[in-house]
Amino acid sequence: MGVKKLYGLADVKSAIDMANNHYYRTFLRVRSDVSNEDFGQLRVRVPRDASNNPIDPMAWQGRGSDVGHAFRHVQETATAGKSTYENEQEMLRCTCDALNSHTGQQKLGDLDNANPSGDEHGMGVNRKIVAPLRICSYGYPTGSTVKKRIRSVVVEVMKLGSDTLWIHSTYPNRFET
C-alpha cells in the first residue's frame, strides 16, 4: 500500500506521536541480536571494510543521535530559536494540508519508490516536504512574539515498514510579511 495516501488529522497525530521523543532506529525491527546495554547506546562500533562501510549493513550501529521532534515547533513546548505553530491543533492541520497537497503526495510517492519495504536498507532515505499552505493558519517566526499567518511548512518524513509514516518533524518556514 505505501505511505502515499490521503491523511486525516488522526493519522497525522499518530505519525507525530509515534516519533516525538523516540529514536527512529529503535522502531525499525525487533532486535534479538543486541544487548540491552548496546540498544541504549547512541553509537555502537561495528566491524568495517577498507571503504569504512559496515561489513554487515544490518548490524546494530546504535539508535542514532536525533529523535522525532515536532513538539519543538509548537508554541507551548517550543525550543528556543525555533519557528512555531500557535498550538498543537494548528500543527496537525498544517501538516495534514502539506501531506495531502500535490507536493506532499509526490514526495510520499518518491519515498515509497525509494524504500518500498521501509526497512534498514533504506533508512537513509528521508523526504523533506516543503509545501505552501492552502489553509489559513498562524504561528510565530523564529525569535518573534508576534503571531503571523503561515504561508508554507516543512514536514520531514520517513517510513517504518511498508505503510507506516514517521513524521520526524514539522515546522512553519515561511510567514506572511
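All of the numbers you see were taken from the coordinates with simple rules; none came from a lab. All figures in this text were calculated on a predicted structure; none of them were measured in a lab. All Cβ positions, glycine included, derive from the backbone under ideal geometry; neighbour counts span all protein chains shown.
Okay, here's what the table says:
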quantity	calculated
Estimated distance in nm for a label pair at residue 58 and residue 114, the labels positioned 7 Å out from Cα along Cα-to-Cβ	2.3
Spatially proximal lysines relative to residue 107 (Cα-Cα < 16 Å; intrachain offsets below 8 disregarded)	4, 5, 128, 159
Two-decimal log10 I(q)/I(0) for the stretch 102-157, as the Debye equation yields it once each C-alpha is a single scatterer, q = 0.15, 0.29, 0.30 Å⁻¹	-0.57, -1.13, -1.17
Theoretical FRET efficiency, 1/(1+(r/R0)^6), r = Cβ-Cβ of residue 121 and residue 142, R0 41 Å, to 0.05	0.70
